[in-house]
Amino acid sequence: MKEAEELAGNTVETQLDGGGGSSKIIQYKWWIQITIFTVFTLSGQSVGAMLGRLYFTKGGNSKWMATLVQTVGFPLMFPFIFLFSPSKNSSEVTNKPSWSTLVILYTTLGTFVAADCMLYTFGLKFLPVSTYSLICASQLAFNALFSYFLNGQKFTPFIANSLVLLSFSSTLLVFQSNYEETGKISRNKYIVGFVCTVAASAGYALMLSLTQLAFQKILKSTSYKVVFDMAVYQNMIATIGILMGLFASGEWKKIKEEMMGFESGRVSYIMNLVGTTISWQVFSIGCVGLIFKVSSLFSNVISTFGIPIVPVLAVMFFDEKMNGVKMISMLLAIWGFLFYIYQHYLDDLKEKKSVKLVNHDLEVNLTERSMIIQ
(Lines give C-alpha, C1' and ligand atoms only; values in the text may rest on other atoms or scores of the structure.)
Protein backbone atom coordinates (compact mmCIF):
# COMPACT_ATOMS: atom_id res chain seq x y z
CA MET A 1 0.00 0.00 0.00
CA LYS A 2 2.78 2.35 0.96
CA GLU A 3 4.70 1.58 -2.25
CA ALA A 4 1.61 2.28 -4.31
CA GLU A 5 1.14 5.65 -2.59
CA GLU A 6 4.80 6.56 -3.16
CA LEU A 7 4.47 5.59 -6.81
CA ALA A 8 1.41 7.80 -7.17
CA GLY A 9 3.25 10.65 -5.48
CA ASN A 10 6.25 10.27 -7.79
CA THR A 11 3.92 10.33 -10.80
CA VAL A 12 2.36 13.58 -9.65
CA GLU A 13 5.80 15.07 -9.01
CA THR A 14 6.93 14.08 -12.49
CA GLN A 15 3.88 15.73 -13.99
CA LEU A 16 4.49 18.86 -11.95
CA ASP A 17 8.17 19.01 -12.88
CA GLY A 18 7.45 18.71 -16.60
CA GLY A 19 4.18 20.58 -16.67
CA GLY A 20 5.62 24.07 -16.87
CA GLY A 21 7.89 23.31 -19.79
CA SER A 22 5.19 21.46 -21.68
CA SER A 23 2.74 24.29 -21.10
CA LYS A 24 5.19 26.84 -22.50
CA ILE A 25 5.88 24.69 -25.56
CA ILE A 26 2.14 24.33 -26.20
CA GLN A 27 1.65 28.10 -25.89
CA TYR A 28 4.53 28.84 -28.29
CA LYS A 29 3.20 26.30 -30.80
CA TRP A 30 -0.26 27.88 -30.54
CA TRP A 31 1.06 31.37 -31.30
CA ILE A 32 3.17 30.05 -34.21
CA GLN A 33 0.11 28.35 -35.68
CA ILE A 34 -1.99 31.50 -35.24
CA THR A 35 0.74 33.54 -36.93
CA ILE A 36 0.87 31.19 -39.92
CA PHE A 37 -2.91 31.17 -40.35
CA THR A 38 -2.98 34.97 -40.01
CA VAL A 39 -0.35 35.41 -42.73
CA PHE A 40 -2.30 33.02 -44.98
CA THR A 41 -5.53 34.96 -44.40
CA LEU A 42 -4.07 38.43 -44.97
CA SER A 43 -1.91 37.55 -47.98
CA GLY A 44 -4.51 35.37 -49.69
CA GLN A 45 -7.26 37.96 -49.24
CA SER A 46 -5.18 40.91 -50.46
CA VAL A 47 -3.67 39.19 -53.50
CA GLY A 48 -6.97 37.52 -54.42
CA ALA A 49 -8.90 40.82 -54.35
CA MET A 50 -6.25 42.64 -56.38
CA LEU A 51 -6.02 39.92 -59.04
CA GLY A 52 -9.81 39.70 -59.17
CA ARG A 53 -10.08 43.41 -59.90
CA LEU A 54 -7.22 43.19 -62.42
CA TYR A 55 -9.19 40.51 -64.28
CA PHE A 56 -12.06 42.96 -64.94
CA THR A 57 -9.76 45.94 -65.54
CA LYS A 58 -7.83 44.17 -68.31
CA GLY A 59 -10.88 43.01 -70.21
CA GLY A 60 -12.27 39.99 -68.35
CA ASN A 61 -16.06 39.98 -68.31
CA SER A 62 -17.23 36.54 -67.18
CA LYS A 63 -18.89 36.70 -63.77
CA TRP A 64 -18.97 32.92 -63.52
CA MET A 65 -15.28 32.55 -64.34
CA ALA A 66 -14.35 35.22 -61.79
CA THR A 67 -16.43 33.32 -59.25
CA LEU A 68 -15.10 29.89 -60.21
CA VAL A 69 -11.45 30.78 -59.55
CA GLN A 70 -12.33 31.54 -55.91
CA THR A 71 -13.16 27.89 -55.20
CA VAL A 72 -11.78 25.65 -57.97
CA GLY A 73 -8.34 25.36 -56.36
CA PHE A 74 -9.54 22.93 -53.68
CA PRO A 75 -7.51 19.95 -55.11
CA LEU A 76 -4.36 21.80 -53.98
CA MET A 77 -5.26 20.85 -50.40
CA PHE A 78 -5.68 17.10 -50.97
CA PRO A 79 -2.06 16.35 -49.92
CA PHE A 80 -2.72 17.98 -46.55
CA ILE A 81 -5.75 15.75 -45.96
CA PHE A 82 -3.64 12.62 -46.43
CA LEU A 83 -0.72 14.11 -44.48
CA PHE A 84 -2.87 14.75 -41.40
CA SER A 85 -5.03 11.61 -41.62
CA PRO A 86 -5.38 9.95 -38.18
CA SER A 87 -4.51 6.29 -37.61
CA LYS A 88 -7.28 3.72 -37.98
CA ASN A 89 -7.40 3.01 -34.24
CA SER A 90 -7.46 6.62 -33.05
CA SER A 91 -10.46 8.23 -31.37
CA GLU A 92 -10.70 10.70 -34.29
CA VAL A 93 -11.90 7.82 -36.50
CA THR A 94 -14.26 6.20 -34.00
CA ASN A 95 -15.95 9.52 -33.14
CA LYS A 96 -16.38 10.61 -36.75
CA PRO A 97 -19.92 11.79 -37.67
CA SER A 98 -22.00 9.72 -40.09
CA TRP A 99 -21.58 10.20 -43.84
CA SER A 100 -25.11 11.56 -44.18
CA THR A 101 -24.38 14.23 -41.56
CA LEU A 102 -21.16 15.23 -43.29
CA VAL A 103 -22.86 15.37 -46.72
CA ILE A 104 -25.56 17.70 -45.38
CA LEU A 105 -22.97 19.85 -43.58
CA TYR A 106 -20.60 20.27 -46.53
CA THR A 107 -23.45 20.75 -49.02
CA THR A 108 -24.99 23.51 -46.89
CA LEU A 109 -21.70 25.34 -46.37
CA GLY A 110 -20.66 24.78 -50.00
CA THR A 111 -23.90 26.34 -51.22
CA PHE A 112 -23.24 29.32 -48.95
CA VAL A 113 -19.74 29.66 -50.40
CA ALA A 114 -20.97 29.56 -54.02
CA ALA A 115 -23.66 32.20 -53.43
CA ASP A 116 -21.27 34.38 -51.45
CA CYS A 117 -18.55 34.22 -54.10
CA MET A 118 -21.00 35.28 -56.80
CA LEU A 119 -22.18 38.25 -54.71
CA TYR A 120 -18.58 39.26 -54.07
CA THR A 121 -17.88 39.02 -57.81
CA PHE A 122 -20.68 41.48 -58.57
CA GLY A 123 -19.26 43.86 -55.97
CA LEU A 124 -15.73 43.56 -57.33
CA LYS A 125 -16.94 44.15 -60.89
CA PHE A 126 -19.02 47.27 -60.22
CA LEU A 127 -16.99 48.97 -57.45
CA PRO A 128 -13.46 50.40 -57.16
CA VAL A 129 -11.29 47.81 -55.43
CA SER A 130 -10.68 50.04 -52.39
CA THR A 131 -14.40 50.73 -51.95
CA TYR A 132 -15.24 47.06 -52.39
CA SER A 133 -12.68 45.87 -49.87
CA LEU A 134 -13.71 48.42 -47.29
CA ILE A 135 -17.42 47.68 -47.53
CA CYS A 136 -16.45 44.10 -46.74
CA ALA A 137 -15.59 45.25 -43.22
CA SER A 138 -19.33 45.28 -42.49
CA GLN A 139 -18.99 41.52 -42.14
CA LEU A 140 -17.39 42.13 -38.74
CA ALA A 141 -20.57 43.66 -37.33
CA PHE A 142 -22.67 40.85 -38.81
CA ASN A 143 -20.29 38.24 -37.44
CA ALA A 144 -20.35 39.79 -33.97
CA LEU A 145 -24.13 39.46 -33.98
CA PHE A 146 -24.16 35.88 -35.27
CA SER A 147 -21.32 34.83 -32.90
CA TYR A 148 -23.25 36.17 -29.93
CA PHE A 149 -26.35 34.10 -30.74
CA LEU A 150 -24.82 30.98 -32.32
CA ASN A 151 -21.41 30.59 -30.67
CA GLY A 152 -21.88 32.14 -27.21
CA GLN A 153 -19.20 34.75 -27.90
CA LYS A 154 -18.53 36.95 -24.86
CA PHE A 155 -17.91 40.65 -25.34
CA THR A 156 -15.36 42.49 -23.21
CA PRO A 157 -14.67 46.24 -23.37
CA PHE A 158 -11.53 45.61 -25.44
CA ILE A 159 -13.36 43.43 -27.97
CA ALA A 160 -16.19 45.98 -28.18
CA ASN A 161 -13.66 48.77 -28.80
CA SER A 162 -11.99 46.65 -31.46
CA LEU A 163 -15.26 46.07 -33.30
CA VAL A 164 -16.23 49.76 -33.15
CA LEU A 165 -12.84 50.98 -34.38
CA LEU A 166 -12.59 48.46 -37.22
CA SER A 167 -16.15 49.12 -38.37
CA PHE A 168 -15.71 52.89 -38.16
CA SER A 169 -12.42 52.61 -40.04
CA SER A 170 -14.06 50.97 -43.05
CA THR A 171 -17.20 53.11 -42.94
CA LEU A 172 -15.11 56.28 -43.02
CA LEU A 173 -13.39 55.16 -46.20
CA VAL A 174 -16.55 53.97 -47.87
CA PHE A 175 -18.26 57.34 -47.63
CA GLN A 176 -15.30 59.30 -48.95
CA SER A 177 -14.83 56.77 -51.73
CA ASN A 178 -18.35 57.42 -52.94
CA TYR A 179 -17.43 60.96 -53.94
CA GLU A 180 -13.89 60.56 -55.20
CA GLU A 181 -13.62 57.23 -56.95
CA THR A 182 -16.98 56.33 -58.49
CA GLY A 183 -17.12 58.88 -61.29
CA LYS A 184 -16.65 56.25 -64.02
CA ILE A 185 -19.32 53.95 -62.57
CA SER A 186 -23.03 54.50 -63.20
CA ARG A 187 -25.22 55.06 -60.16
CA ASN A 188 -27.26 51.91 -60.80
CA LYS A 189 -24.17 49.71 -61.09
CA TYR A 190 -22.73 51.28 -57.96
CA ILE A 191 -25.93 50.52 -56.01
CA VAL A 192 -25.96 46.92 -57.30
CA GLY A 193 -22.31 46.48 -56.34
CA PHE A 194 -22.86 48.03 -52.91
CA VAL A 195 -25.93 45.91 -52.10
CA CYS A 196 -24.28 42.69 -53.35
CA THR A 197 -21.13 43.34 -51.31
CA VAL A 198 -23.09 44.05 -48.11
CA ALA A 199 -25.25 40.94 -48.67
CA ALA A 200 -22.12 38.88 -49.32
CA SER A 201 -20.55 40.19 -46.11
CA ALA A 202 -23.63 39.19 -44.11
CA GLY A 203 -23.67 35.75 -45.71
CA TYR A 204 -19.95 35.27 -45.14
CA ALA A 205 -20.31 36.24 -41.46
CA LEU A 206 -23.14 33.74 -41.02
CA MET A 207 -21.07 31.05 -42.74
CA LEU A 208 -18.17 31.66 -40.34
CA SER A 209 -20.41 31.29 -37.31
CA LEU A 210 -21.99 28.14 -38.75
CA THR A 211 -18.51 26.74 -39.42
CA GLN A 212 -17.49 27.30 -35.80
CA LEU A 213 -20.77 25.74 -34.64
CA ALA A 214 -20.05 22.71 -36.85
CA PHE A 215 -16.60 22.29 -35.28
CA GLN A 216 -18.11 22.47 -31.79
CA LYS A 217 -21.29 20.42 -32.19
CA ILE A 218 -20.80 18.07 -35.14
CA LEU A 219 -17.15 17.41 -35.98
CA LYS A 220 -15.89 17.56 -32.36
CA SER A 221 -12.30 16.98 -33.42
CA THR A 222 -8.95 18.47 -32.47
CA SER A 223 -7.03 17.33 -35.58
CA TYR A 224 -5.90 19.47 -38.49
CA LYS A 225 -7.51 16.99 -40.87
CA VAL A 226 -10.95 18.40 -40.08
CA VAL A 227 -9.66 21.88 -41.01
CA PHE A 228 -8.58 20.74 -44.46
CA ASP A 229 -11.66 18.54 -44.86
CA MET A 230 -13.86 21.55 -44.20
CA ALA A 231 -11.95 23.78 -46.63
CA VAL A 232 -11.77 21.13 -49.39
CA TYR A 233 -15.26 19.68 -49.38
CA GLN A 234 -17.19 22.94 -49.01
CA ASN A 235 -15.15 24.41 -51.89
CA MET A 236 -15.74 21.26 -53.94
CA ILE A 237 -19.52 21.58 -53.53
CA ALA A 238 -19.30 25.30 -54.35
CA THR A 239 -17.23 24.55 -57.47
CA ILE A 240 -19.80 22.05 -58.74
CA GLY A 241 -22.57 24.61 -58.34
CA ILE A 242 -20.56 27.37 -60.03
CA LEU A 243 -19.60 25.10 -62.95
CA MET A 244 -23.27 24.32 -63.48
CA GLY A 245 -23.96 28.06 -63.63
CA LEU A 246 -21.04 28.65 -66.02
CA PHE A 247 -22.33 26.10 -68.55
CA ALA A 248 -26.01 26.96 -68.07
CA SER A 249 -25.34 30.67 -68.71
CA GLY A 250 -23.37 29.97 -71.90
CA GLU A 251 -20.43 32.10 -70.74
CA TRP A 252 -18.08 29.15 -71.27
CA LYS A 253 -18.41 29.70 -75.03
CA LYS A 254 -16.84 33.15 -74.74
CA ILE A 255 -13.82 32.17 -72.65
CA LYS A 256 -11.50 31.68 -75.65
CA GLU A 257 -12.56 35.02 -77.12
CA GLU A 258 -12.06 36.68 -73.73
CA MET A 259 -8.57 35.18 -73.45
CA MET A 260 -7.58 36.43 -76.91
CA GLY A 261 -8.84 39.94 -76.12
CA PHE A 262 -7.20 40.24 -72.71
CA GLU A 263 -5.08 43.42 -72.71
CA SER A 264 -1.97 41.80 -71.23
CA GLY A 265 -2.09 38.73 -73.47
CA ARG A 266 -3.12 35.09 -73.16
CA VAL A 267 -0.28 34.11 -70.82
CA SER A 268 -1.16 36.95 -68.48
CA TYR A 269 -4.82 35.89 -68.59
CA ILE A 270 -3.96 32.33 -67.53
CA MET A 271 -1.51 33.53 -64.87
CA ASN A 272 -4.17 35.85 -63.47
CA LEU A 273 -6.69 33.04 -63.10
CA VAL A 274 -4.13 30.63 -61.64
CA GLY A 275 -2.81 33.25 -59.21
CA THR A 276 -6.34 34.14 -58.10
CA THR A 277 -7.14 30.46 -57.58
CA ILE A 278 -4.08 29.86 -55.41
CA SER A 279 -4.60 33.07 -53.43
CA TRP A 280 -8.17 32.25 -52.43
CA GLN A 281 -7.22 28.71 -51.39
CA VAL A 282 -4.46 30.13 -49.17
CA PHE A 283 -7.06 32.49 -47.70
CA SER A 284 -9.50 29.61 -47.18
CA ILE A 285 -6.91 27.57 -45.24
CA GLY A 286 -6.00 30.55 -43.06
CA CYS A 287 -9.61 31.51 -42.40
CA VAL A 288 -10.81 28.01 -41.46
CA GLY A 289 -7.65 27.46 -39.41
CA LEU A 290 -8.30 30.59 -37.33
CA ILE A 291 -11.90 29.48 -36.73
CA PHE A 292 -10.62 26.07 -35.63
CA LYS A 293 -7.91 27.43 -33.31
CA VAL A 294 -9.73 30.48 -31.89
CA SER A 295 -13.19 31.55 -33.10
CA SER A 296 -15.13 32.81 -36.10
CA LEU A 297 -15.04 36.34 -34.68
CA PHE A 298 -11.25 36.28 -34.40
CA SER A 299 -11.00 35.02 -37.99
CA ASN A 300 -13.20 37.89 -39.10
CA VAL A 301 -11.18 40.46 -37.13
CA ILE A 302 -8.00 39.28 -38.86
CA SER A 303 -9.76 39.47 -42.23
CA THR A 304 -11.00 42.99 -41.45
CA PHE A 305 -7.54 44.06 -40.32
CA GLY A 306 -6.28 43.14 -43.78
CA ILE A 307 -8.83 45.35 -45.52
CA PRO A 308 -6.71 48.57 -45.37
CA ILE A 309 -3.91 46.66 -47.11
CA VAL A 310 -5.90 46.58 -50.36
CA PRO A 311 -6.22 50.39 -50.75
CA VAL A 312 -2.45 50.67 -50.34
CA LEU A 313 -1.93 48.09 -53.07
CA ALA A 314 -4.58 49.87 -55.17
CA VAL A 315 -2.55 53.08 -54.96
CA MET A 316 0.54 51.21 -56.14
CA PHE A 317 -1.00 49.20 -58.99
CA PHE A 318 -4.30 50.89 -59.97
CA ASP A 319 -3.32 54.55 -59.44
CA GLU A 320 -6.05 55.14 -56.86
CA LYS A 321 -5.61 58.12 -54.55
CA MET A 322 -4.29 57.90 -50.98
CA ASN A 323 -5.41 60.83 -48.87
CA GLY A 324 -5.53 61.77 -45.21
CA VAL A 325 -8.89 60.09 -44.66
CA LYS A 326 -7.50 56.75 -45.84
CA MET A 327 -4.46 57.13 -43.62
CA ILE A 328 -6.67 57.81 -40.60
CA SER A 329 -8.81 54.81 -41.51
CA MET A 330 -5.77 52.54 -41.65
CA LEU A 331 -4.54 53.77 -38.27
CA LEU A 332 -7.98 53.11 -36.75
CA ALA A 333 -7.94 49.59 -38.19
CA ILE A 334 -4.52 48.90 -36.68
CA TRP A 335 -5.66 50.36 -33.36
CA GLY A 336 -8.75 48.15 -33.32
CA PHE A 337 -6.70 45.09 -34.18
CA LEU A 338 -4.30 45.79 -31.30
CA PHE A 339 -7.25 46.04 -28.91
CA TYR A 340 -8.36 42.56 -29.89
CA ILE A 341 -4.86 41.10 -29.64
CA TYR A 342 -4.43 42.72 -26.21
CA GLN A 343 -7.62 41.01 -25.02
CA HIS A 344 -6.16 37.66 -26.07
CA TYR A 345 -2.96 38.56 -24.24
CA LEU A 346 -4.98 39.20 -21.07
CA ASP A 347 -6.80 35.89 -21.54
CA ASP A 348 -3.43 34.18 -21.90
CA LEU A 349 -2.16 35.73 -18.66
CA LYS A 350 -5.34 34.69 -16.87
CA GLU A 351 -4.91 31.13 -18.11
CA LYS A 352 -1.29 31.06 -16.92
CA LYS A 353 -2.36 32.23 -13.45
CA SER A 354 -5.03 29.56 -13.24
CA VAL A 355 -2.47 26.89 -14.23
CA LYS A 356 -0.08 28.12 -11.52
CA LEU A 357 -2.85 27.97 -8.93
CA VAL A 358 -3.72 24.42 -9.93
CA ASN A 359 -0.06 23.38 -9.74
CA HIS A 360 0.26 25.07 -6.35
CA ASP A 361 -2.77 23.20 -5.01
CA LEU A 362 -1.35 19.93 -6.30
CA GLU A 363 1.97 20.61 -4.58
CA VAL A 364 0.21 21.41 -1.30
CA ASN A 365 -1.86 18.24 -1.50
CA LEU A 366 1.24 16.21 -2.34
CA THR A 367 3.12 17.66 0.65
CA GLU A 368 0.23 16.93 3.00
CA ARG A 369 -0.02 13.38 1.73
CA SER A 370 3.72 12.84 2.18
CA MET A 371 3.55 14.09 5.80
CA ILE A 372 0.61 11.75 6.53
CA ILE A 373 2.44 8.79 5.01
CA GLN A 374 5.55 9.52 7.07
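For residue 244 and residue 263 in one chain, what is 0.36 nm times their gap in residues minus the Cα-Cα distance, to one decimal in nm? Let's see the in-between values first.
On the way: separation 19, 0.36 × 19 = 6.84 nm, distance 2.79 nm.
Extra length from residue 244 to residue 263 when fully extended: 4.0 nm.
Would you check the accessible area of residue 80, probe 1.4 Å, heavy atoms only, in square angstrom rounded to 10?
Accessible area, nearest 10 Å²: 80 Å².
I need the calculated FRET efficiency for the pair residue 111 and residue 334, taking r as the beta carbon distance and R₀ as 41 Å, to the nearest 0.05.
Details: r = 35 Å, r/R0 = 0.86.
For R0 = 41 Å, the calculated efficiency reads 0.70.
Suppose R0 equals 22 Å. What FRET efficiency, 1/(1 + (r/R0)^6) with r the Cβ-Cβ distance, do residue 293 and residue 24 give to the nearest 0.05? Write out the running numbers ahead of the final one.
Working: r = 18 Å, r/R0 = 0.81.
For R0 = 22 Å, the calculated efficiency reads 0.80.
Describe numerically, in nm with one decimal, the distance between label points set 7 Å from Cα along Cα→Cβ at residue 43 and at residue 345.
Reported label-point gap for residue 43 and residue 345 is 2.5 nm.
FRET efficiency for residue 315 and residue 218, Cβ-Cβ distance as r, R0 = 30 Å, nearest 0.05? Provide the component values of the computation, followed by the final result.
Values: r = 44 Å, r/R0 = 1.45.
About 0.10, to the nearest 0.05.
So what's the projected area for region 214-270, the Cα convex hull averaged over all directions, in nm²? Could you put the intermediate results ahead of the total?
Numbers: hull surface 24.3 nm².
One quarter of the hull surface, i.e. the mean projection, equals 6.1 nm².
Take the residue pairs 63/293; 24/96; 58/256; 220/352; 154/350; 29/154 and return only those whose Cα atoms are more than 23 Å apart. Write down the numbers at each step before the final one.
Numbers: 63/293 34 Å; 24/96 31 Å; 58/256 15 Å; 220/352 25 Å; 154/350 16 Å; 29/154 25 Å.
Cα-Cα > 23 Å for 63/293; 24/96; 220/352; 29/154; rest within.
The values are calculated or read from the model by the stated rules, or taken from the named source; none is laboratory data. This one's a predicted model, so the numbers in the text were calculated from it and none came from an experiment. In this analysis, Cβ positions are derived from the backbone assuming ideal geometry, glycine residues included, and neighbour counts consider all displayed protein chains. Side chains included, ligands, DNA and RNA excluded: accessible areas come from the protein's heavy atoms. Shrake-Rupley method; radii C 1.70, N 1.55, O 1.52, S 1.80 Å.
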